[in-house]
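Undergrad: Structure incoming, see below.
What follows draws every value from the coordinates through simple rules; no lab data is involved. On a predicted model such as this, the values are computed, not experimentally measured, just so you know. As a convention, Cβ positions derive from the backbone with ideal geometry for all residues, glycine included, and neighbour counts pool all protein chains shown.
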Amino acid sequence: MHKRILLILFTFLFLFLLPSITSFAIVIYEVKPGDSLNKISAQYKLNVKTFAHLNGLEKNDKLVIGQALIIPGSTYYVRGYESLWDIAYRHSISVELLKSKNKLKNDNIIPGQIIRLKI
C-alpha cells in the first residue's frame with residue numbers, strides 16, 4: 001500500500017513539476033499479462049535494478065497486471081529554440097532515426113511538441 005502511494009506521489013511530481021524544471025518527460029507503463037521487470041527494462045533499454053528502484057520495487061519482485069510503472073527518459077518536450085538536430089545530437093541519436101521514430105516527414109518541430117526518444 002505504501003509503495004502505491006509513493007508511486008502515485010512520485011508520478012504526480014514528475015507529471016506536474018518536472019516538465020517546468022527540465023525538458024524531459026516520463027511515460028507511465030501499464031503492466032500486461034506476461035510482463036516482468038526484465039522484459040520491460042529490456043524493451044526500454046533500462047538497467048533492471050535501476051528501473052525497479054525507480055518504481056519502488058526490488059528486481060525480483062512480481063508485477064501485477066494493471067500496475068503502473070514509470071519509464072524514465074522516454075520522451076522529450078521541445079523547447080522554443082531547439083531544432084531536431086539539437087535534440088538528436090544531445091541524445092546521441094541520428095536525425096533520421098528521430099524522424100522515423102516520430103513519423104516526421106521533415107525536420108520541422110514546434111515548441112511544446114513531444115518527441116519520442118526510446119521506443
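Undergrad: Can you flag which of K49/K103; K59/K103; K32/K101 are past 25 Å Cα-Cα?
TA: K49/K103; K59/K103
Undergrad: Measure off 7 Å from each Cα along the Cα-to-Cβ vector at R116 and D61, then give the distance between these two points in nanometres to one decimal.
TA: Result: 2.7 nm between the two label points.
Undergrad: If amide hydrogens are placed 1.01 Å from N in the peptide plane, which non-local residues have theirs closer than 5 Å to the one on T75?
TA: A25, L117
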